[in-house]
1. Quick check on my filter: what residues within the stretch 244-272 are touching a helix residue (DSSP H, G or I) at 6+ places or on another chain (Cβ under 8 Å) and modelled with pLDDT of 75 or more?
2. Scan the stretch 351-384 residue by residue and report those that are over 21 Å from residue 336 (Cβ atoms) and under 14 Å from the mean Cα position of the chain (by Cα).
3. Look through 148, 74, 122, 94 and report the one residue that is without any contact (Cβ under 8 Å) to a residue 24 or more places away in the chain, assigned to a helix (DSSP H, G or I) and surrounded by 14 or more Cβ atoms within 10 Å (Cβ to Cβ).
4. Hey, can you tell me all the residues within the stretch 233-246 that are surrounded by fewer than 22 Cβ atoms within 10 Å (Cβ to Cβ) and in a loop (DSSP other than H, G, I, E, B)?
5. Quickly run through the stretch 344-389 and pick out the residues that are surrounded by 23 or more Cβ atoms within 10 Å (Cβ to Cβ) and not in a helix (DSSP H, G or I).
6. Please work out which one of (1) modelled with pLDDT of 90 or more; (2) crowded, with 17+ Cβ neighbours inside 10 Å; (3) more than 18 Å from residue 405 (Cβ to Cβ); (4) within 23 Å of the chain's Cα centre (by Cα) is the condition residue 99 fails and give its number.
7. From 217, 192, 204, 230, which residue is within 18 Å of residue 395 (Cα to Cα), part of a helix (DSSP H, G or I) and modelled with pLDDT of 95 or more?
8. Quick test of your reading of the structure: residue 108 fulfils all but one of (1) modelled with pLDDT under 95; (2) surrounded by fewer than 21 Cβ atoms within 10 Å (Cβ to Cβ); (3) in contact with a helix residue (DSSP H, G or I) (Cβ under 8 Å, 6 or more places away or on another chain); (4) closer than 24 Å to residue 335 by Cα. Name the failing condition by number.
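The values are calculated or read from the model by the stated rules, or taken from the named source; none is laboratory data. Computed from a predicted structure; not experimentally measured. Please note: Cβ atoms are built from the backbone with ideal geometry, for glycine as well, and neighbour counts cover all protein chains shown.
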């Protein structure tokens with residue numbers, strides 16, 4: 001299987017990245033850098049610097065960990081005499097977005113706003129995404145970052161359930177919102193994270209052989225699903241349906257009865273915890289007259305304006321400048337038109353390619369690994385990472401989240417998995433060639449490559 005897979009895997013990797021993999025196998029080093037990367041991810045998700053602003057070190061944790069990761073990574077690479085790092089296709093796409101955002105700052109409708117947005121949101125992303133993708137060289141590191149994403153998802157879900165249980169509804173008088181701020185400042189953005197990390201939690205549960213951890217992870221996935229229904233986020237509900245279909249299409253192959261039983265069980269639990277007015281909330285997706293808050297029409301207006309801004313400004317209006325065209329200075333509430341209106345056609349093409357490329361590569365890897373799924377547990381991480389990115393692909397239609405870390409960690413997981421599997425295939429091919437040569441020499445024949 002691996003001989004066949006090797007050609008397809010290498011074809012699926014950009015030539016520059018494939019050459020780098022051959023000349024420089026993924027290193028198990030950079031342990032200090034990874035420690036900084038993991039600490040940075042912890043800061044992104046749990047935000048201790050905002051909860052303890054007067055505590056030394058903690059109040060500067062994102063800056064300290066980002067600088068530490070960059071310095072330690074570059075120092076280690078230079079000391080080893082290696083190239084700076086591997087620029088994967090996805091990283092190049094992000095750099096196209098970043099370069100275009102920087103070059104168009106003078107052309108922005110509000111250059112000061114564009115510069116502020118670049119420094120605050122995009123610059124840390126450009127630097128840390130590159131380092132992160134270059135240190136995810138083994139499954140243990142990938143799983144650590146996955147566990148961090150699942151952990152914050154379970155914590156937020158518990159807070160959501162607790163608020164609902166106590167009858168604290170701070171949005172529209174009937175919706176729960178966890179006052180956590182940052183990436184999770186509103187129910188829709190929080191639901192986006194939950195939608196993406198439900199599959200990741202399932203993948204980790206299928207990976208581990210520890211029954212206790214498996215039960216905890218599956219229970220956490222179920223709790224995250226319940227939390228999405230309690231927030232009554234319409235985008236979250238659409239996301240649940242999306243990842244459900246995606247997971248069933250892959251993990252349910254050859255196990256239809258088991259998959260059907262699990263699906264029915266999950267639906268029964270969700271119905272048991274569903275708020276009473278959830279049905280009308282779902283129907284309002286198709287009938288705007290049922291949306292008493294008026295958010296549906298407001299989002300439609302924002303979407304229309306962002307599309308017009310894209311058509312009229314093919315080079316974009318400038319990073320962060322979409323708010324100048326939105327109703328009541330609101331963002332577009334759509335990640336795709338957020339990028340197309342702010343970074344123009346080129347930036348939008350790079351953004352779309354950055355999301356679709358790992359989906360394609362993971363899909364091909366899934367097909368190759370399926371035949372040996374029971375013996376190769378990496379299959380489950382491949383499938384569930386693929387489902388997480390699909391969850392973002394659909395759910396991000398309803399949020400201005402293009403420059404936040406939601407999608408970038410799953411993409412980093414995809415890059416790491418792709419390289420690990422490809423490296424393993426290359427090692428297998430090398431061992432096979434060596435064995436064939438040894439066998440030929442024992443028989444007194446010329447080596448295989450000489451005969452060819």
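1. Passing the criteria: 244, 246, 247, 248, 250, 251, 252, 253, 263, 266, 269, 270.
2. Within the stretch 351-384, 381, 382, 383, 384 qualify.
3. Answer to the selection: 74.
4. Those that are surrounded by fewer than 22 Cβ atoms within 10 Å (Cβ to Cβ) and in a loop (DSSP other than H, G, I, E, B): none in the stretch 233-246.
5. Matches in the stretch 344-389: none.
6. So residue 99 meets the others, but not (2).
7. 192
8. Going through (1) modelled with pLDDT under 95; (2) surrounded by fewer than 21 Cβ atoms within 10 Å (Cβ to Cβ); (3) in contact with a helix residue (DSSP H, G or I) (Cβ under 8 Å, 6 or more places away or on another chain); (4) closer than 24 Å to residue 335 by Cα one by one, residue 108 breaks only (2).
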